[in-house]
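The structure appears below as structure tokens.
The values are calculated or read from the model by the stated rules, or taken from the named source; none is laboratory data. Remember, predicted model here, so these are calculated numbers, not experimental data. Counting neighbours? That spans all protein chains shown, and the Cβs are built from the backbone with ideal geometry, glycine included. We work out accessible area using only protein heavy atoms, side chains counted, and drop any ligands, DNA or RNA first. Shrake-Rupley method; radii C 1.70, N 1.55, O 1.52, S 1.80 Å.
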Amino acid sequence: MEIGEPETTPTQGGSGGRMERKLSSVAKTFAPSPIQELSHLAQRCNAINLAEGFPDFPAPSYLKAAAISAISSDFNQYRHVQGICDHLARIMKEMHNLAIDPHTDIAICCGQTEAFAATVFAVIDAGDEVLLFDPSFETYEASIRLAGGIPVHVALDPPDWTLNSEKFLGSFTGRTKAVVLNSPQNPTGKVFTSDELETIARACCIRDCLAITDEVYEHITYDNIRHISLASFPGMQERTIITSSLSKTFSVTGWRVGWAIAPAFFASAIKNIHVKITDCAPAPFQEAALTALRSPPEYFESLRRDYESKRDYMVKFLAEIGFQIRFKPQGSFFLFAELPENSPLSDVEYVKKLIEEAGVVAVPGRGFFRSSASAVESSHGNFEYHKRYIRFAFCKSNATLAAAAQKLKKLQG
């Protein structure tokens with residue numbers, strides 16, 4: 001099987017072929033995540049994992065202590081912690097001047113991924129079109145397709161991943177129900193500008209469309225750039241569903257505590273779907289989330305400084321071995337690096353080279369692109385540029401990044 005290519009289900013021989021026909025039509029279209037497959041490959045090959053976006057350093061000690069205390073205090077049964085909603089409402093007021101009712105406007109879910117999926121299931125009917133920006137994270141399209149919706153991809157313009165307003169506005173049809181926005185963005189590290197957000201907001205209001213946002217990297221921004229929530233624009237709070245989680249900000253990707261923030265009638269529907277699927281997020285980690293959300297401003301400033309330093313280190317050493325860094329991440333903890341200019345290899349071939357010759361695993365960029373527009377000529381004259389990018393995760397310890405840099409030096413020349 002090629003890296004980045006879908007794995008197929010057996011169709012010949014024995015009961016496998018007969019049983020496959022009993023799968024739903026949508027299930028047959030899904031393949032294992034190439035990102036997770038590459039992480040498994042990293043483990044098997046004892047390679048350094050710069051593929052999957054999880055920290056390899058410890059979560060803050062005070063959060064771990066809070067989780068242990070919650071378990072010891074028997075917060076181990078089904079539980080819905082209202083205090084999380086109270087703190088989130090306060091944070092949204094402080095960060096974005098949004099008035100959120102903690103009793104009606106927030107649904108606590110099992111991570112941002114479930115919050116996003118439950119949101120899609122709550123608002124998307126079969127045949128509804130949903131606009132996605134290209135490149136984008138793979139789970140958005142999957143949720144839309146599971147709901148019977150139709151993903152419509154709007155290509156951002158490289159190298160700065162700029163929103164082309166004419167292209168965006170031309171993607172709306174009478175069937176467009178929602179726009180999905182991830183800012184700061186995975187995989188590019190782009191933070192959408194105020195002007196770009198205003199364009200999106202104005203279009204949603206004129207077209208009477210919803211917006212579903214993924215704001216998990218809201219506290220991880222660089223160069224004095226600050227995250228702006230789309231919901232804070234005129235007319236948008238009533239039509240925006242914000243999804244986020246503890247995972248990235250507090251280095252607890254395995255805790256699975258996330259949320260959707262929305263007008264009460266949307267939030268109620270999301271809660272109902274969430275309860276039918278999973279009942280509740282992990283109880284002790286909900287309790288520990290209260291400690292996380294009470295973290296002082298100094299914590300978030302330290303988080304930004306640490307990740308900005310890691311970003312700069314990553315940019316420097318990748319540039320030294322020939323990668324083209326045309327866009328320096330403004331947020332998130334991913335670097336979308338363009339292959340060396342004279343490299344004849346595709347992204348998939350280059351990732352193989354990384355594994356075999358350097359013992360480092362990253363993600364081929366093509367897995368984040370879907371639109372046919374990705375194959376047209378880019379602003380710097382490169383056709384099929386969706387095959388020329390590799391995503392590196394730098395949410396790793398300084399020791400891991402230094403070891404990766406040492407290994408990647410083998411690729412020079």
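Worth a mention:
- Within the span defined as the range 156-166, every residue fails to be of a type in the set (Val, Ile, Thr), surrounded by 20 or more Cβ atoms within 10 Å (Cβ to Cβ) and at pLDDT 95 or above.
- The residues on offer are THR173, THR199, THR188, and the sole one that is open to solvent by less than 10 Å² (accessible area, probe 1.4 Å) and either among the polar types (S, T, N, Q) or assigned to a loop (DSSP other than H, G, I, E, B) (or both) is THR188.
- Selection within the range 209-237: residues that are among the small types (Gly, Ala, Ser) and in contact (Cβ under 8 Å) with a residue 60 or more places away in the chain. The member of this set that is nearest to LYS310 (Cα to Cα) is SER229.
- Residue match in the range 284-306 (condition: in a helix (DSSP H, G or I), hydrophobic (A, V, I, L, M, F, W, C), open to solvent by 10 Å² or more (accessible area, probe 1.4 Å) and within 21 Å of LYS190 (Cα to Cα)): yes
- Sole exception among (1) surrounded by fewer than 20 Cβ atoms within 10 Å (Cβ to Cβ); (2) over 21 Å from PHE172 (Cα atoms) for ILE206, by number: (2)
- Qualifying residues in the range 228-238 (those that are outside any helix (DSSP H, G or I) and open to solvent by less than 20 Å² (accessible area, probe 1.4 Å)) - the one nearest to PRO282 (Cα to Cα): SER229
- Of the numbered criteria (1) at pLDDT below 95; (2) buried (at least 21 other Cβ atoms within 10 Å of the Cβ); (3) farther than 21 Å from ILE273 by Cβ, the one PHE133 fails is (1).
Let's see how each residue does on (1) modelled with pLDDT of 95 or more; (2) buried (at least 22 other Cβ atoms within 10 Å of the Cβ); (3) assigned to a helix (DSSP H, G or I):
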site: GLY322; (1), (2), (3): no, no, no
site: LEU345; (1), (2), (3): no, no, no
site: LYS353; (1), (2), (3): no, no, yes
site: GLU357; (1), (2), (3): no, no, yes
site: PHE383; (1), (2), (3): no, no, no
site: HIS386; (1), (2), (3): no, yes, yes
site: GLY413; (1), (2), (3): no, no, no
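- Checking ALA115, ALA107, ALA126 one by one, the residue that is surrounded by fewer than 19 Cβ atoms within 10 Å (Cβ to Cβ) and either in contact (Cβ under 8 Å) with a residue 40 or more places away in the chain or in contact with a Gly (Cβ under 8 Å, 6 or more places away or on another chain) (or both) is ALA126 and no other.
- Criterion violated by PHE334 - all others in (1) within 30 Å of ARG202 (Cβ to Cβ); (2) open to solvent by 10 Å² or more (accessible area, probe 1.4 Å); (3) out of contact with any His (no Cβ under 9 Å at 6 or more places or on another chain); (4) not hydroxyl-bearing (Ser, Thr, Tyr) satisfied: (2)
- Some residue of the range 393-403 being polar (S, T, N, Q), in contact with a strand residue (DSSP E or B) (Cβ under 9 Å, 6 or more places away or on another chain) and at pLDDT 95 or above: yes
Yes/no matrix, rows are residues, columns are (1) of a type in the set (Gly, Ala, Ser); (2) crowded, with 17+ Cβ neighbours inside 10 Å:
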{"residue": "ALA59", "(1), (2)": "yes, yes"}
{"residue": "LEU63", "(1), (2)": "no, yes"}
{"residue": "ALA66", "(1), (2)": "yes, yes"}
{"residue": "ILE71", "(1), (2)": "no, no"}
{"residue": "ASN76", "(1), (2)": "no, no"}
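- Count of the range 391-407 residues which are surrounded by fewer than 18 Cβ atoms within 10 Å (Cβ to Cβ) and either touching a Pro at 6+ places or on another chain (Cβ under 6 Å) or not in a helix (DSSP H, G or I) (or both): 1
- Pairs where the first residue, in the range 56-74, is more than 11 Å from GLU287 (Cβ to Cβ) and modelled with pLDDT of 95 or more and the second is outside any helix (DSSP H, G or I) and among the β-branched types (Val, Ile, Thr), C-beta under 6 Å, 6+ apart: ALA59/VAL252
- Test: residue in the range 246-255 that is assigned to a helix (DSSP H, G or I) and touching a Ser or Thr at 6+ places or on another chain (Cβ under 6 Å): no
- Among the residues examined, ILE206 does not qualify as assigned to a helix (DSSP H, G or I), within 22 Å of the chain's Cα centre (by Cα) and more than 28 Å from TYR307 (Cα to Cα).
- So ILE241, is it part of a strand (DSSP E or B), buried (at least 22 other Cβ atoms within 10 Å of the Cβ) and modelled with pLDDT of 95 or more: yes
- Test: residue in the range 258-279 that is at pLDDT 95 or above, among the basic types (Lys, Arg) and open to solvent by less than 40 Å² (accessible area, probe 1.4 Å): no
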